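Visitor: This structure is in structure tokens; I'll ask about it shortly.
The values are calculated or read from the model by the stated rules, or taken from the named source; none is laboratory data. Since we're looking at a predicted model, the values are computed, not measured. Note that we place each Cβ from the backbone using ideal geometry, even for glycine, and neighbour counts take in every protein chain shown.
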Amino acid sequence: MKITNNWKLQWFEPGEKHPLEIASPAYIDHFWMTTNVPGDVHTTLISKKIIEDPFVGHNDLKCRWVEEKEWWYRTTFEWQEELNEGEFVELIFEGLDTYATIYFNGVEIGSTENMFIEHEFEVTRELKKGKNVIAVKFDPVHIRVAGKERNYWCSYGKERSWIRKAAMNFGWDWGPRLVTVGIWKDVYLLKRKKAKLHSVFPKTVELTSELAIVEVEVETKSYYFTNETLTVEVLISSNQGSFSAYSVIDNKTGKVVVEVTNPILWWTHDLGQPYLYELKVLLKDKKNNILDQCSQLFGIRKIVIEQKHENGENLFAFNLNGIRLFAKGANWIPVHNFIGSVNENRYMKLLKLVKGAHMNMIRVWGGGIYEKDIFYETCDRLGILVWQDFMFANALYPDYNKNFMKNVREEVIKVIKRLRKYTSLALWCGNNEIDWIYERKKTDGEVTTPFYGETIYHQLIPELLNELDGTRFYWPSSPYGGNDFNSEDNGDRHNWQVWHGNVEPRKIGEPVIQNISVEGVSFKNYKKDCTRFSSEFGMHASSNRYTLKKYIPEGEFYWKSDEMAYRNKDHFHEKGILLMEGYTGIPTDMEEYIHYSMLTQAEGLKYGIEHYRRNKPFTSGALIWQLNDCWPGTSWSMIDYELLPKASYYYARKFFAPVTVTIDHDPGKPIHIWGINDKLWKIEDSLVVEVFHVEGKQLFSKQYDFVIEPNQVKHIASFSEKKVLRGAKPETVVLRLRSLNGRFLDNIYYLRDSKEMNYPKAQLQVSRSTENNTITIISDQLARFVTIDIPQEEVLCSDNFFDLLPGETKTIQLQHLSGKDIRIDEISVFALNSI
């Protein structure tokens, strides 16, 4: 029974009221505001117009008072069922944010101090037939951590290292401080007799083409002491048949082994079908009565992390069902600052965009949340692997404190048991950047304390994983491995030479140096990186015009306004200027900023990812920082807050495509052409290399027939600039790689940076079809960075931010992610060089 109705909300000064007064069933809450559960306080206050939208202007500063108050939730519900002998009832909160005390019919039944996990309370005796009252008090976090040590490293809010809630609540370099509070997940009553299924964990322990041995671990919870024998039955079914087995539960746990013949394997969507079986588990007593049951979808697959190549070189490669894959994807931050109120459709829309850009992996970053079930269920269904961080990020954590460690231990156990059932979960990671940054800060003398938190990632978590999920690889931190925890020679790496100007490589104990200059932050530095696995890298770009303008107050929508600067939460705003200075030139107004930053991000990511992919398999992954935004800011995201993809997303559809042909080139140097094939079958094709003058004249054309074996990279050809220029200046030409047989998408390159190019003035002819939601474009000259500027949220184009050669026509299909009408007549179309 879900308890979603009749919830009310009110705030008090901390300690203003005696808790038992407000928790009493007789308390009159008629004048409290109504609220939604699941939800959060901020969203309720916005809906009641008590606070202004915190995403507009500086309004987030106006609502800081919310985190200072004591907040109460209350509801009443009717219970009419009779409880028979041996039946028990639990009140379950799937998510309480964060320091909560729970009262049931006026009785305090428990308290919580962890946002990330569910909390269960047995209320059989307190439950009444008829009206029942639940009250939940939330204490301000600052009161609960008052007096705690704060004299050691913790980025973005010193108090947060003691608080088991989303770190990004306290602000980050891509989002504001908005310390949430509330009942952020479902609340329900669960009635069971004798016992229930507490955890079900299906895992493939042996796998051949003819047979899969699936072991289903079952943990039960009994409601009173009994020696009664319980039985678990397991049924695994597909459209090709069913397989079953049963086992007796011994000491609350049991294992059921099911043999699945001719198994259909689960693959990432780029390698095959993410096939899911239906798993059904029944818990029965000795009289064969069903006490509890559950069902889920799961896939049969085997995944390992390879750390050595056959030739002895280091690797960090995910191997799925015997196939060493290249992990293509991005880092995932929470989909909203107010995650309790977010509709699940937002998850599905974002993950469909992930699949649409040929990404096969998402990293759940360690400063957010262990995501909602809909996230993992959708990844299972769409065939997207998940790199899962534990929620520890950029701070030292008080592992010396017994109470804190008890809280963390409970969290880790519950998180493992909740998430281990998901097929898409590929790797557990202990933390984000802590080992790496601690060493850097210690070397620089910024920190002098011991490595607080080390026990969590290097002892507690691996011990619990060994006990509870030995099927997955554990990595203590990200980045990790090598001679400075961020080595290109071992493990995974965060490449923040680009954007942040970190001078690499360095070794443990060496000085930490940054070069914040045009050369120091340039995306050209990606080509120096021969990392085994690039798990974080990226650069800023503006949000789309619609998104920015919607949240910036009237009169402030101009380049370098205070409100525009407030959209950027990163330190040293000049880094973005330096990146653009190196590639596009420095913007002088808002129009140029939007276009230059988007173009720089898109071309920079293309430059880096094509380099990483050419180095396959010794580089085996590229996860961009970051996929999404939690608010309408300027950040590293590829998709902005209003779910409008930036230019980098549309570029990703091409640079992440399973089959592509790329060039490796530096100005004045030879042009090398490489083919990349991530498919499991060989590719035979004819490549046409074409070079045009920007005004349309073809200068060079040559065809290369080639074959690329499955899952391989191949050098196809090399030639000099002089050979293709035919006397033209390099800043006046465009090079296109085209498939004669349609095996890969066209790939367009320029031999010089955008700021050096002599683009002609292009005249675009644009026609629209409101009936078909299409836009057709033709240009008389080369049209650089053709932009379809969308004046509404959630519109996806079949292509956008593309280049159009003279005389060529392109028709773009548009769709709304929620199926709404598209205001196609309001859409603007222009190019970087259009008249």
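Visitor: Pairs needed: first member in the stretch 558-574, more than 23 Å from Met168 (Cβ to Cβ) and in the same structural domain as Ala541 (by TED's automatic domain parsing); second member anywhere, hydrophobic (A, V, I, L, M, F, W, C) and part of a loop (DSSP other than H, G, I, E, B); C-beta distance under 8 Å; at least 6 residues apart or different chains.
Guide: Matching pairs, first to second residue: Ser561/Ile552; Glu574/Ile516.
Every residue, every condition in (1) under 14 Å from Trp436 (Cα atoms); (2) surrounded by 17 or more Cβ atoms within 10 Å (Cβ to Cβ), yes or no:
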| position | (1), (2) |
| --- | --- |
| Leu465 | no, yes |
| Asp469 | no, yes |
| His494 | yes, yes |
| Gln497 | no, yes |
| Gly501 | no, yes |
| Arg506 | yes, yes |
| Val518 | no, no |
| Ser534 | no, yes |
| Ala541 | no, yes |
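Visitor: Right, something else. State whether one or more residues within the stretch 252-267 are hydroxyl-bearing (Ser, Thr, Tyr) and surrounded by fewer than 16 Cβ atoms within 10 Å (Cβ to Cβ).
Guide: yes
Visitor: What residue, among those in the stretch 536-553 that are over 22 Å from the mean Cα position of the chain (by Cα) and part of a loop (DSSP other than H, G, I, E, B), is farthest from Lys328 (Cα to Cα)?
Guide: Pro553
Visitor: Let me ask another. Filtering the stretch 747-771 down to residues that are free of Cβ contacts under 8 Å to residues at least 24 places away in the same chain and not hydroxyl-bearing (Ser, Thr, Tyr), which residue is nearest to Gly668 (Cα to Cα)?
Guide: Across the stretch 747-771, the extreme among qualifying residues is Gln765.
Visitor: Any idea which residue in the stretch 290-340 is farthest from Val354 (Cα to Cα), counting only those that are small (Gly, Ala, Ser) and either assigned to a loop (DSSP other than H, G, I, E, B) or touching a Ser or Thr at 6+ places or on another chain (Cβ under 8 Å) (or both)?
Guide: Initial filter on the stretch 290-340 (small (Gly, Ala, Ser)): 295, 299, 312, 317, 322, 327, 329-330, 340.
Narrowing the set further to residues that are either assigned to a loop (DSSP other than H, G, I, E, B) or touching a Ser or Thr at 6+ places or on another chain (Cβ under 8 Å) (or both) leaves 299, 312, 317, 322, 327, 340.
Values: Gly299: 20, Gly312: 34, Ala317: 20, Gly322: 24, Ala327: 13, Gly340: 22 Å.
Of everything passing the filter in the stretch 290-340, Gly312 is farthest from Val354 (Cα to Cα).
Visitor: Which of the residues spanning the stretch 191-216 are in a strand (DSSP E or B) and surrounded by fewer than 16 Cβ atoms within 10 Å (Cβ to Cβ)?
Guide: Residues of the stretch 191-216 that are in a strand (DSSP E or B), as a first pass: 191-193, 195-207, 211-216.
Matches in the stretch 191-216: Val205, Glu206, Leu211.
Visitor: Hey, could you check the stretch 60-79 for residues that are out of contact with any strand residue (DSSP E or B) (no Cβ under 6 Å at 6 or more places or on another chain) and buried (at least 16 other Cβ atoms within 10 Å of the Cβ) and say which is nearest to Lys550 (Cα to Cα)?
Guide: My answer is Cys63.
Visitor: Same structure, new question: Residue check: is Phe31 modelled with pLDDT under 95 and at negative phi?
Guide: yes
Visitor: Return a yes/no flag: does the stretch 222-232 have any residue that is farther than 11 Å from Phe298 by Cβ, in the same structural domain as Leu283 (by TED's automatic domain parsing), touching a residue at least 40 places away in the same chain (Cβ under 8 Å) and within 32 Å of the chain's Cα centre (by Cα).
Guide: For the stretch 222-232, residues farther than 11 Å from Phe298 by Cβ, in the same structural domain as Leu283 (by TED's automatic domain parsing), touching a residue at least 40 places away in the same chain (Cβ under 8 Å) and within 32 Å of the chain's Cα centre (by Cα): absent.
Visitor: Could I ask something else about it? Could you go through the stretch 129-142 and let me know if any residue there is part of a loop (DSSP other than H, G, I, E, B), within 21 Å of Val179 (Cα to Cα), modelled with pLDDT of 95 or more and basic (Lys, Arg).
Guide: Looking for residues that are part of a loop (DSSP other than H, G, I, E, B), within 21 Å of Val179 (Cα to Cα), modelled with pLDDT of 95 or more and basic (Lys, Arg), one finds none in the stretch 129-142, hence no.
Visitor: Shifting gears a bit: Every residue in the stretch 1-59 that is among the hydroxyl-bearing types (Ser, Thr, Tyr), surrounded by fewer than 19 Cβ atoms within 10 Å (Cβ to Cβ) and not in a helix (DSSP H, G or I), please. Steps first, please.
Guide: Quick first cut of the stretch 1-59, residues among the hydroxyl-bearing types (Ser, Thr, Tyr) only: 4, 24, 27, 34-35, 43-44, 47.
Within this subset, residues satisfying the condition of being surrounded by fewer than 19 Cβ atoms within 10 Å (Cβ to Cβ) are 4, 24, 27, 34, 47.
If the condition is that a residue be among the hydroxyl-bearing types (Ser, Thr, Tyr), surrounded by fewer than 19 Cβ atoms within 10 Å (Cβ to Cβ) and not in a helix (DSSP H, G or I), then Thr4, Ser24, Tyr27, Thr34 are the ones that fit.
Visitor: Please work out which one of (1) in contact with a strand residue (DSSP E or B) (Cβ under 7 Å, 6 or more places away or on another chain); (2) in the same structural domain as Ala135 (by TED's automatic domain parsing); (3) modelled with pLDDT under 95 is the condition Met1 fails and give its number.
Guide: (2)
Visitor: Working carefully through the options Val447, Val364, Val408, find the one that is touching a strand residue (DSSP E or B) at 6+ places or on another chain (Cβ under 6 Å), of a type in the set (Val, Ile, Thr) and not assigned by TED's automatic domain parsing to the domain that holds Trp153.
Guide: Exactly one of Val447, Val364, Val408 is touching a strand residue (DSSP E or B) at 6+ places or on another chain (Cβ under 6 Å), of a type in the set (Val, Ile, Thr) and not assigned by TED's automatic domain parsing to the domain that holds Trp153, namely Val364.
Visitor: For the stretch 780-821, which residues satisfy the criterion of being in a strand (DSSP E or B) and either among the hydrophobic types (A, V, I, L, M, F, W, C) or at positive phi (or both)?
Guide: Ala783, Phe785, Val786, Ile788, Val795, Leu796, Cys797, Phe802, Leu804, Ile812, Leu814, listed by residue number.
Visitor: Identify all residues within the stretch 159-184 that are surrounded by fewer than 21 Cβ atoms within 10 Å (Cβ to Cβ) and basic (Lys, Arg); write none if there are none.
Guide: Arg177
Visitor: While we're on this one: Which residue out of Glu126, Glu70 is outside the structural domain of Tyr370 (by TED's automatic domain parsing), modelled with pLDDT of 95 or more and more than 34 Å from the chain's Cα centre (by Cα)?
Guide: Numbers: Glu70 fails: more than 34 Å from the chain's Cα centre (by Cα).
Of the residues listed, the single one that is outside the structural domain of Tyr370 (by TED's automatic domain parsing), modelled with pLDDT of 95 or more and more than 34 Å from the chain's Cα centre (by Cα) is Glu126.
Visitor: Can you spot a residue in the stretch 405-413 that is under 28 Å from His336 (Cα atoms), under 21 Å from the mean Cα position of the chain (by Cα) and surrounded by fewer than 24 Cβ atoms within 10 Å (Cβ to Cβ)? Spell out the reasoning first.
Guide: First pass over the stretch 405-413, keeping only residues under 28 Å from His336 (Cα atoms): 407-413.
Remaining after also requiring under 21 Å from the mean Cα position of the chain (by Cα): 411-412.
Pick out the ones that are also surrounded by fewer than 24 Cβ atoms within 10 Å (Cβ to Cβ) and you get 411-412.
Within the stretch 405-413, one or more residues are under 28 Å from His336 (Cα atoms), under 21 Å from the mean Cα position of the chain (by Cα) and surrounded by fewer than 24 Cβ atoms within 10 Å (Cβ to Cβ).
Visitor: Do any residues in the stretch 251-273 that are more than 21 Å from Asp380 (Cβ to Cβ) have Cβ atoms under 6 Å from those of residues that are of a type in the set (Ser, Thr, Tyr) and crowded, with 20+ Cβ neighbours inside 10 Å, where the two are at least six apart or on different chains, and which pairs are they?
Guide: Final answer for the pair search is Lys252/Thr220.
Visitor: Is it the case, given these coordinates, that Thr98 is touching an Asp or Glu at 6+ places or on another chain (Cβ under 7 Å), assigned by TED's automatic domain parsing to the domain that holds Lys165, within 27 Å of Ile163 (Cα to Cα) and of a type in the set (S, T, N, Q)?
Guide: Taking the combined requirement at face value, the residue satisfies it.
Visitor: Separate question: Taking Gln765 as meeting all but one of (1) under 29 Å from Tyr593 (Cβ atoms); (2) surrounded by 17 or more Cβ atoms within 10 Å (Cβ to Cβ), write down the number of the exception.
Guide: With respect to (1) under 29 Å from Tyr593 (Cβ atoms); (2) surrounded by 17 or more Cβ atoms within 10 Å (Cβ to Cβ), Gln765 is out only on (2).
Visitor: Which members of the stretch 679-706 meet the condition of being touching a residue at least 60 places away in the same chain (Cβ under 8 Å) and touching a Lys or Arg at 6+ places or on another chain (Cβ under 8 Å)?
Guide: Ile683, Phe692
Visitor: Restricting attention to the stretch 472-513, which residues are farther than 27 Å from Glu306 by Cβ, among the polar types (S, T, N, Q) and touching a residue at least 24 places away in the same chain (Cβ under 8 Å)?
Guide: None - no residue of the stretch 472-513 is farther than 27 Å from Glu306 by Cβ, among the polar types (S, T, N, Q) and touching a residue at least 24 places away in the same chain (Cβ under 8 Å), so the list stays empty.
Visitor: While we're on this one: Could you tell me how many of the residues in the stretch 73-98 are part of a strand (DSSP E or B) and of a type in the set (S, T, N, Q)?
Guide: Number satisfying all stated conditions: 2.
Visitor: Out of the residues in the stretch 725-745 that are outside any helix (DSSP H, G or I) and free of Cβ contacts under 8 Å to residues at least 40 places away in the same chain, which is surrounded by the most Cβ atoms within 10 Å (Cβ to Cβ)?
Guide: Per the criteria, the residue is Ala728.
Visitor: Output the qualifying pairs, or none if there are none: Cβ atoms under 6 angstrom, residues six or more apart or on different chains, first residue in the stretch 339-365 and over 28 Å from Glu433 (Cα atoms), second residue acidic (Asp, Glu) and buried (at least 24 other Cβ atoms within 10 Å of the Cβ).
Guide: Ser341/Asp40
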